[in-house]
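A short write-up of the structure that comes next.
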Amino acid sequence: MILETKALGRDFGGLTALNDINFAIDDQEIVAIIGPNGAGKSTFFNVISGFYPPSRGTVSFRNQNMTGTPTHIFARLGIARTFQTTHLFYNGSVLDNLIVGYRQKTKMGLFDAILRTPRARREEADSREKAQEVLNFIGLAGISTEPVANISQESAKRLAIGLALISEPRLLLLDEPAAGINHNETKGLVELIRKIRSHGTTVCLIEHKVQMVMGLADRIMVLNYGSKIAEGSPTDIGSNQKVIEAYLGRAHHA
Amino acid sequence: MLRKSKRYVSLLIMVFLVVTVFVSGCGQSAATGQGSSGTAKVVNIGWTGPLSGGAAQFGKDTLDGLNMAVDEINSAGGITVNGQKYTFKVVALDDQYKPDMSATNGRRLATQDKAPVIFVNHAGGTYALQQFNTDSSNPFLLAVHSSDPGVAAHGNKLTFVGADPFTAQPDPYSKQAMQKFGKKLALIPAVTPYGQDWGKAMTSAWTNNGGTVTGTFPMDYNTETDYASYVTKALSTNPDVIFLGGPSQPDGLVIKEARQQGFKGGFILCDQASMEDVAKVVSMTDLNGTIGFMPLSQLSSPGVKKFVAAFEAKYNRVPTFHNSGMYYDMKVIAKGMEKAGSVTDPAKILTGMKQVLPITDDSVPYQLNSINDKGQMIIGLYGTMISNGKYGQPFSITPQQ
Amino acid sequence: MLSKNQKFKWSWLFYLAVLILAFIFPALNPGSYYIQVVSLAFIYAIAVYGLNLIEGYMGQLSLAQAGLFGFGAYAAALLTMKLQLSFWLAVPLASVLTAVVAFFIGLISFRTRGHYFVIFTLCIGVIINLVIQKWDAVTGGMNGLIGIPKPTPLGPISFDSLKAQYYLILVFLLLTVFVMYRLVNSLIGRTFVSIRNSEELAAALGINVMKNKILAFCVAAFFTGMAGSLYAAFIRFIGPDISSPTLTFEFLLYLLAGGQASIAGPIVGTLLMSGLTESLQFLRDYRLLLFGPLLILIVKFLPMGIVGLIHKLASRSPFRRSAAKSLNPSKTVKGEGL
Amino acid sequence: MSLFIQQIVNGLTLGSIYCLVALGLTLIYGIMEVPNFAHGHLYMVGAYVTFFGMTLYGLNYWVSALVAGIIIAILGVITERVVFNPLRHAPSSNRFIAALGAMMFLEAAARLLWGADFRSIPPVYDKVLSFAGVRVTEQRVIVIVAAILLIIALNLFLKRTIIGSSIEAVAQNPDGSSLVGINVNVVGMLTFAIASFLAAVAAALAGPIFLVFPTMGELIIMKAFVIIVIGGMGSIPGAIVGGYILGLTESLGATYISMDYKDVIAFLVLVIILTIKPTGLFAKGV
């Protein structure tokens, strides 16, 4: 078990966005979280990646209670995440974008930077090397010098994942990785996610493309109105009456 | 495409706005200085002071006087030094009241324009210029129009202060006010250095004459929006007389507010305010019992009459004391150059200026007595008290030599 | 971002030429007026480099900069006048003190974000200005401080002449540019830029956003304070005006005109605007009338200033066109931060 | 005691002016997310228009005030169109900088066209009312009463009219309201018009008591920012309460605490409040 939430809840003002979620992610699993719009998926993600403190309950990562830990510490302990909107650093090339991802592993300070101490040189070389390595891994080595503003949506998605991977996280949280890309590109992405898992990283993703999730995930959690309504293997979920109702019910309302 | 064209529209509007204001304003600015005529050589006279920013009006007031003096001298054929005719040209640079810009302007006037004399009308600029006006490479005479006694106090050998130090005023003012209203004084000085020094001088003059000070309420006349709370507080100490240390119009509003809150006593104005401007915002009846600088136009000496008439003819308005300062300073400088036989050596010019004093004829509005060893000119100035809605008789506030 | 590519050699050559020009400039005998203008522009440029780090690279618009400039100036002036410290001790000490003050300001002000941060820092600037005005016992109040000593001679080198002072200021400027160059091209500089682009992503990458913001603010304050202390020793008279928000707005104008988030921007902008201010002397009030619309036009049409424009023109060649596009910061607004 | 009451009256007068200016500022911020630094300068231009209306064209005081309101409202709309609207999607610091630019322009233009000297709007209601040892001019009473009436009118407008409630809707959710058919552009212009109108009327009300000069806007805008940050940027009740609090604090602070550090107090209060609550006292949303 790598991550566990107990009775997790989160309120906004008077509204309950998350209610009493008990969930666990095992080592080297691919887990997906699905649910209709507004079901609380993003809130759940934000809580387990440290962006929102929970209103109730606990999050523990590798048996360590994370409640009250600052966001950047989540990342340093090994939880990396991507965002729904692809946040990339538009100035600079694909390679440049990746380098800063390695910052958390480096120790150089102000004076190292100004005086270019051996440590600064070594760490900058490491970052570059690591970035190159990740580029190869995510399959963007060919466009490493291309300015980010020019690359395709798919490459941007891969790059965002690469940025999360460069610090070698134990748990990777992907927020709608396949949004805005076509069917073929989605296939490629699925391959990449599998490859990430095979290198020892646990993956948890939110996704709208149910079909993709069914083929990819080991286990699925379904949220509706902030509560967990189902959890299980893709086949279990596919036949779960509550899940079908939740999706259809919403569809009827809309 | 739509977005793009919108951007150009807004660009056009903006350019249009700039051009409009530009063109509408350009007509107002008149060219200063005159070209040389005949065989006369031109001596540049430098000026640095605020022409933009909050103090721009004060800057323009002093510059007008200087321009008028130079025009008069030039149209009379200039000055003759060692057989050579010279005319003057004013080179005025804006420093926005900032000392570093005064310093930059000073360098420019001294080296580019070879000005032997540079006028400045504020203490900060004076201090910045005093750092290098005696440098052997480009020395120049610093002609300061400020009644701040500090500017002459630093022992700078090439500084000429063409206005009386204000320290001469509090004593006669105190005597007048005490006699008429009583011995209790409240002060509302400005927070500026000048205002605070004035407040201190006023306090010591008042107590030396046997009065008591009920309270001091320093006010930032430039940033305060509503003077009422100061007036209320000052009045709560029951003074007989209130000293005001601000510029004319704010002083006027304070007086009006005080009268409206029921104050019946007298006021003393510092010399930053001119009574004629104060009277623009408050009625003469409310001003009864106000003591301050005698308005230039109310004096009846031939020198004043001549100056006022000439100024009105040239600028189409009645001059105040501030308009006259650099006028008579320039007259003294021109005469000093002739006497010294040099238009380039500032030390000689200053010595020459000392030798041409006193000037008591009608070429200058005030009697110019002497220049002391600190470069401070001693002038015969007058104060007055308003009573029955009219300016009273002038009384002398000439400092002790 | 700058990295090892072939464009470099050309720009180095260009920078070398500029450097040589800066060194031989007084020898060309331009007259003390021009030396004065350029020296003053150099001093302001140092302060603008500070603003460039915090606003340009970090995206945090601090309007407390003139307050910090004033603080540095008064600190240096008081250290030399009251404690008789030598210039060489007073300047670093004043700069460090400014950074320390900035540390505490940063600790509080970075709790706020966006417009609140801007207004908060503006208020800090106003408070510093007001305290300088009112605390006459130490600061001389509105009178200011007169007669600040010239830079202490360094062995046989004296700094009495204007030319010597010019070189002194130039050395400080070069030091500033060097440090800034090293900083922004390091991992730390990348970290700052990542925070500008998206505080969320930076935090998700394990970057301590608060700590980095404070670090950048302190470094910016160090140089701003240094500029202030050089100003004090150069003009030798200081008054409360040098800490007024108006000066911050001028710094901002210099920075935007030159181009934010570039190493050349601050010096280009400051020299250009100082030159423009001087050469437009005859326009007086109209000059100020131009600066406002200029600011708006720059923000709208030239968000990366003159330097950005030059980059854009230089990269009009077919393969570099895209790089220019990526300089447009409006594309980086995905983050929550400023 | 009469000192206290006198200062309360002074504080209320000042607070009324602060209120009207801060209301416009907060309205603009709430709708457009623009920290309009030029707002104080629109107030200044409003004072000049009133002044010239009365002295040059001999208009009645109230007519001049109305004319000033309308002219400044138009000027406000122009500012919105030319300066802020094109920057709607730019980073927020750019809008801030553009506002500074607009401010510099207006101040320089005013100084150029009308000179730097102080002017004063001729007093109309100069009679002194006296009760219980307190003396107040009619003009001050007018300022206080008119401000209250304007605040009520603004609230009625926002709550009771369709246009007004659409302004409120945009303030609460700019993206959502454009979906339900409210023209965000029109609302933006209307907001600027109303805010600028309020500023100009405030200037006309204050004119006979205060002085008119090109930098008068700088002082009031700083205070107005303090008010709306204290009150929560975008909050209308916050601006009203904040305005009166600051006016009273200033007049009473000057009396009972320190005249020297009176201005520091206002900014210090702001810093303390933001230190404790980084989003202001009555911030809307999170």
statement: Simple SL model, points at 7 angstrom along Cα→Cβ for residue C:276 and residue A:125; separation in nm is 4.6 nm
message: Given a 1.4 angstrom probe, I'd like the percentage of the accessible area of region B:90-184 that is carbon and sulfur, rounded to a whole number.
response: 49 percent
message: Residues of region A:97-146 losing 40 Å² or more of accessible surface, assembly versus chain alone, probe 1.4 Å, please list them.
response: A:100, A:103, A:110, A:113, A:114, A:116, A:124
message: Counting only protein heavy atoms, probe 1.4 Å: which residues of region D:88-103 lose 30 Å² or more of accessible surface in the full assembly compared with their chain by itself?
response: D:89, D:91, D:92, D:93, D:94, D:96, D:97, D:100, D:101
- request: Under 1.5 on a/c is rounded, so check that first for chain B, then, if it is not, pick prolate when a/b is larger than b/c and oblate when it is not; a ≥ b ≥ c are the square roots of the alpha carbon gyration tensor eigenvalues.
  value: oblate
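Kindly flag which residue pairs out of B:339/C:150; A:228/C:211; B:200/B:348; B:89/C:163; B:314/B:339 have an alpha-carbon separation exceeding 32 Å in this structure.
Numbers: B:339/C:150 37 Å; A:228/C:211 37 Å; B:200/B:348 36 Å; B:89/C:163 30 Å; B:314/B:339 29 Å.
Pairs exceeding the cut-off: B:339/C:150; A:228/C:211; B:200/B:348.
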- prompt: Taking the simple approach of a point 7 Å from Cα along Cα-to-Cβ for both residue A:64 and residue C:174, what is their distance in nm?
  reply: 4.8 nm
message: Quick one: 3J(HN,Hα) in Hz for region D:135-150, Karplus 6.51/-1.76/1.60 with θ = phi - 60°, rounded, Gly and Pro as x.
response: 10, 10, 7, 4, 4, 5, 4, 4, 4, 5, 5, 4, 4, 4, 4, 5
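Which value, in Å², gives the accessible area per residue of region D:26-89 when a 1.4 Å probe is used on the protein heavy atoms? The partial results should precede the final answer.
Values: 2080 Å² over 64 residues.
That works out to 33 Å² per residue.
Could you work out the equivalent-ellipsoid semi-axes for region A:87-166, taking the square root of 5 times each eigenvalue of the Cα gyration tensor, largest first, in whole Å?
Working: eigenvalues 119, 29, 21 Å².
Each semi-axis is √(5λ); the values are 24, 12, 10 Å.
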message: For a quick check: with amide H placed at 1.01 Å from N, whose amide H comes under 5 Å from residue B:42's, ignoring anything fewer than 5 positions away on the same chain?
response: B:87
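Counting only other chains, and only Cβ atoms inside 10 Å, what mean value do you get across the residues of C:269-280? Mind dumping the intermediate values first?
Numbers: counts 0, 0, 0, 0, 0, 1, 0, 0, 4, 5, 0, 1.
Other-chain Cβ atoms within 10 Å of each residue's Cβ, averaged: 1.
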query: Among all the lysines, which ones have a C-alpha under 21 Å from residue C:300's C-alpha, if same-chain residues fewer than 8 places away are not counted?
result: B:4, B:6, C:312, C:325, C:331, C:334
statement: Per the rule of 0.36 nm per residue minus the C-alpha distance, extending residue A:198 to residue A:179 adds in nm 4.5 nm
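Averaged over D:213-223, how many beta carbons belonging to a partner chain fall within 10 Å of each residue's beta carbon?
Numbers: counts 5, 3, 4, 2, 0, 4, 5, 1, 0, 6, 2.
Rounded to a whole number, the mean comes out at 3.
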query: Once chain A is represented by equal point scatterers at the alpha-carbon sites, with solvent omitted, what log10 I(q)/I(0) does the Debye formula produce at q = 0.08 Å⁻¹?
result: -0.33
- prompt: Once amide H atoms are placed 1.01 Å from N in the peptide plane, what residues at a sequence separation of 5 or more from residue C:85, or on another chain, have their amide H within under 5 Å of its amide H?
  reply: C:80
J(HN,Hα) series, region B:71-84, from Karplus relation 6.51 cos²θ - 1.76 cosθ + 1.60, nearest Hz, glycine and proline x: 4, 4, 5, 5, 6, 8, x, x, 10, 10, 10, 6, x, 9
- request: For chain C, with all protein chains present and a 1.4 Å probe, just round the carbon and sulfur fraction of the accessible area to a whole percent.
  value: 72 percent
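State, as an integer percentage, the relative contact order of chain C based on alpha-carbon contacts under 8 Å between residues 6 or more apart. Can you show the working numbers first?
Values: 511 pairs, mean separation 102.9, N = 338.
For chain C, the relative contact order is 30 percent.
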- request: Pull up the cross-link candidates among the aspartates and glutamates for residue B:114, meaning alpha carbon to alpha carbon under 13 Å and not fewer than 8 places away within one chain.
  value: B:345
- line: Between residue B:141 and residues 5 or more places away or on another chain, the pairs with built amide H atoms under 5 Å apart involve B:117, B:118
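What number, in percent, do you get for the relative contact order of region D:8-113 if the mean sequence gap of Cα pairs under 8 Å and at least 6 apart is divided by its residue count?
Values: 72 pairs, mean separation 32.3, N = 106.
Once normalised by length, the contact order is 31 percent.
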query: What's the extension gain from residue B:306 to residue B:361 if we count 0.36 nm per residue and subtract their Cα-Cα distance?
result: 18.7 nm
Solvent accessible area, Å² - residue B:284, 1.4 Å probe, full protein context: 50 Å²
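Region B:280-398: D in µm²/s via Stokes-Einstein (Kirkwood Rh, Cα pairs, 25 °C, 0.890 mPa s)? Could you put the intermediate results ahead of the total?
Numbers: Rh = 15.7 Å.
Answer from the Stokes-Einstein relation: 156 µm²/s.
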- prompt: Rounded to a whole number, what % of the accessible area of chain D do carbon and sulfur atoms account for, probe 1.4 Å?
  reply: 71 percent
Distance in nm between pseudo-label sites at residue A:211 and residue B:200 (7 Å out along the Cβ direction from Cα): 8.7 nm
task: Determine the total buried accessible area between chain A and chain C, counting protein heavy atoms only with a 1.4 Å probe; round to the nearest 100 Å².
output: 3300 Å²
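Given an 8 Å cut-off on Cα distances and at least 6 residues of separation, report the relative contact order of region B:89-134 as a percent. Present the calculation step by step, with values, prior to reporting the outcome.
On the way: 35 pairs, mean separation 19.5, N = 46.
It rounds to 42 percent for region B:89-134.
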query: Tell me, what is the Rg over Rh of chain C, with Rh the Kirkwood radius over Cα pairs?
result: 0.96
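Counting only other chains, and only Cβ atoms inside 10 Å, what mean value do you get across the residues of B:213-220? It would help to have the intermediate numbers written out before the result.
Values: counts 0, 0, 1, 1, 3, 5, 4, 9.
What the average comes to for B:213-220 is 3.
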task: Please give every one of the lysines within straight-line cross-link reach of residue D:159, meaning a C-alpha to C-alpha distance under 23 Å, and leave out same-chain neighbours fewer than 8 residues apart.
output: D:284
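I'd like the FRET efficiency for residue C:17 and residue A:84, computed as 1/(1 + (r/R0)^6) with the beta carbon distance as r and R0 of 51 Å, rounded to 0.05. Mind showing how you got there, number by number?
Numbers: r = 49 Å, r/R0 = 0.95.
About 0.55, to the nearest 0.05.
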- request: Please state, to two decimals, what the Cα-based radius of gyration of region A:1-139 comes to when divided by 2.2 N^0.38 Å (N = residues).
  value: 1.28
message: Could you give each residue of region D:220-233 its phi-based ³J(HN,Hα) in whole Hz, using Karplus coefficients 6.51, -1.76, 1.60 with θ = phi - 60°, and x for Gly or Pro?
response: 6, 5, 4, 5, 5, 5, 4, 4, 6, 6, 4, x, x, 5
Where C meets D: accessible area buried, both sides, 1.4 Å probe, Å²: 3800 Å²
message: At 1.4 Å probe radius, can you tell me the per residue accessible area of region C:12-327 in Å²?
response: 33 Å²
Protein heavy-atom accessible area occluded, B/D pair - total, 1.4 Å probe, Å²: 3400 Å²
query: Tell me, what is the per residue accessible area of region A:87-166 in Å², probe radius 1.4 Å?
result: 40 Å²
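The values are calculated or read from the model by the stated rules, or taken from the named source; none is laboratory data. Quantities reported herein were computed from a predicted structural model and do not represent experimental measurements. Neighbour counts run over all protein chains shown; Cβ positions are idealised from the backbone, glycine included. Note: areas computed on protein heavy atoms with side chains; ligands, DNA, RNA excluded. Shrake-Rupley method; radii C 1.70, N 1.55, O 1.52, S 1.80 Å.
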